[in-house]
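The values are calculated or read from the model by the stated rules, or taken from the named source; none is laboratory data. The shown structure was predicted, so the numbers you read here are calculated from the model rather than taken from an experiment. Cβ coordinates were reconstructed from backbone atoms using ideal geometry, including for glycine residues, and neighbour counts include every protein chain displayed. Just so you know, the surface numbers come from the protein's heavy atoms only, side chains and all, with ligands and any DNA or RNA stripped out. Shrake-Rupley method; radii C 1.70, N 1.55, O 1.52, S 1.80 Å.
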Amino acid sequence: TGTMQDPSGGAQPQAKPWQAVSRAISSRTRVRATRSTSRVAIAAPPAARSEEGLLALTEMLGDGVARDVVATLAAGIASFLWVKMFGWLASNDVLERKLSRKLVHVSSGPLFMLFSWPLFSSTPKARFFAAIVPLLQAARLAAIGGGGMKND
C-alpha cells in the first residue's frame with residue numbers, strides 16, 4: 001500500500017477512503033476528494049473570526065442569562081431593522097411590495113439562525129430566550145392583521 005501525506009507533513013499508511021472521511025467528520029475537518037476515490041486529502045478548516053467574537057462575548061457576559069438577554073435584544077433589534085429596511089425599499093419603489101414581503105419571509109428565518117443563534121448561551125434556558133424574537137414578530141403580525149396595530 002502507498003502512503004498519504006497528513007496535514008502535519010508526516011507520512012502515514014494510506015487509509016481506506018471511508019476511514020479518512022469518518023476521521024475527518026469526527027474531528028471537524030474538511031474533506032477534499034480527488035478524482036480517484038482511493039485518495040482523500042484532509043485539510044484543516046479555515047480559522048473562523050466568529051469564534052473569536054463569541055469567545056469575547058462569553059468572557060464579557062459569561063455563558064448564562066446575561067448573555068441570553070443581550071442576544072435576545074440584539075436579535076430583536078436586528079430583525080426589526082431587517083423588516084423596516086424592506087418596508088423602506090418598498091415604499092421608495094426600489095422593490096415591489098409583493099417582492100419585498102417575499103424576501104422578508106424567505107430571508108428572516110435563515111438569517112436569524114445563521115447570525116443570532118450562535119450568540120445565545122449553551123444553557124438549556126437559552127432556547128426560551130431565542131424563541132422570544134420569533135414570538136414577538138408573530139405577535140406583531142397578528143396585531144397588525146387584527147387591526148390592533150398600524151403597519152407603518
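The heavy atoms of Lys125 present about 130 square angstrom of accessible area, all protein chains included, probe 1.4 Å. Counting protein heavy atoms only, the range 49-120 has 70 percent of its accessible area on carbon and sulfur, 1.4 angstrom probe. Computed across the range 49-120, the Kirkwood radius stands at 13.6 Å (inverse of mean 1/r, all Cα pairs). The string of couplings for the range 124-132 from the Karplus curve (6.51, -1.76, 1.60, θ = phi - 60°) is x, 6, 4, 5, 6, 5, 5, 6, 4 Hz, one whole number per residue in order, with x for Gly and Pro.
If R0 equals 22 Å, the separation of the Cβ atoms of Trp117 and Ala143 corresponds to a calculated FRET efficiency of about 0.30. In a simple Cβ point-charge model (Lys, Arg +1; Asp, Glu -1; nothing else charged), the range 49-120 has a dipole of about 480 debye relative to its Cα centre.
The label-point distance for Val69 and Asn151, in a model that sets each label 7 Å from Cα toward Cβ, rounds to 3.4 nm.
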